[in-house]
Amino acid sequence: MKETDALDAYILAHIDPESDYLKALYRATHVKLLRPRMASGHLQGRMLKMFVEMIRPRQVLEIGTYSGYSALCLAEGLEEGAMLHTFEINDEQEDFTRPWLEGSPYADKIRFYIGDALQMVPAMDITFDLAFVDGNKRVYMDYYEMILPKLRAGGYIIADNTLWDGHVLEEPRSADAQTIGIKKFNDYVASDKRVEKVILPLRDGLTIIRKK
């Protein structure tokens with residue numbers, strides 16, 4: 001076993017366990033879906049739940065539902081009466097994801113939308129306290145500029161995959177729109193005086209952004 005694998009195993013043995021429901025969803029994601037690595041796992045899921053419990057948001061936005069694992073972790077941390085609005089642009093994902101969300105113990109805290117968040121969110125009359133961004137890496141900048149005006153002062157954005165498997169250290173090929181999008185987002189946020197920000201080297205990079 002490599003040292004990194006041993007450390008990962010050690011960490012998972014020393015944090016709160018995931019529920020049987022989440023374990024079943026994670027297994028089903030790997031059996032039935034392409035690119036199962038896109039799903040948040042045990043460690044990130046527990047961290048998302050804890051972030052929600054720390055921030056105590058009333059309205060949460062998620063961009064990129066995928067299998068629903070991260071949505072369930074976010075919803076798990078919500079207080080009574082709070083709501084998660086989660087968006088998935090791939091309509092082929094709905095048949096898998098919706099039953100898992102609606103069959104969960106947190107179904108009453110989740111609203112699941114199929115469509116482009118960039119088109120749908122601006123029309124929503126909601127001020128968000130927290131946003132989790134895990135959508136199309138090519139348009140992270142667009143998500144950011146859309147979310148910031150709809151985020152309360154003191155609210156948070158959590159952006160996933162911001163280290164992009166280390167490719168942020170490379171000069172991307174012109175056709176590599178995802179790496180270009182992530183690097184542009186990272187550079188822009190780093191210089192944006194409207195926010196405070198920190199990057200955590202968790203999994204594929206997690207950027208925590210606080211609106212001043």
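Coordinate-derived values only; no laboratory data. For clarity, every value in this text was computed on a predicted model and none was experimentally measured. Every residue, glycine as well, gets a Cβ built from its backbone with ideal geometry; the counts of neighbours run over all protein chains shown.
Some notes on this structure:
- The order of the peptides 88-100, 174-186, 63-75 by mean Cβ neighbours within 10 Å, most packed first, is 63-75, 174-186, 88-100.
- Per residue convex hull volume, Cα atoms of the chain, in Å³: 134 Å³
- Rounded to 0.05, the FRET efficiency of the L34 and K212 pair, given R0 = 45 Å and the Cβ-Cβ distance, is 0.70.
- Pairs of Cα atoms nearer than 8 Å and 6+ residues apart set the relative contact order; for the chain it is 16 percent.
- Potential lengthening of the chain between D91 and D165 amounts to 24.0 nm, from the contour at 0.36 nm per residue minus the alpha-carbon distance.
- Computed from phi, the 3J(HN,Hα) profile of the range 5-10 under the Karplus parametrisation 6.51, -1.76, 1.60 (θ = phi - 60°) reads 5, 5, 5, 4, 5, 5 Hz, with x in place of Gly and Pro.
- Net charge contributed by nearby residues that have their C-beta within less than 12 Å of A71 (K/R +1, D/E -1): -1
- Treating r as the C-beta distance of I11 and S174 and R0 as 35 Å, the FRET efficiency rounds to 0.40.
- Local charge for L163 was computed over the other residues whose Cβ lies under 13 Å away, with Lys and Arg +1 and Asp and Glu -1, and equals -1.
- Neighbourhood charge, 15 Å Cβ-Cβ cut-off, centred on Y188 and excluding it, Lys, Arg +1 and Asp, Glu -1: +3
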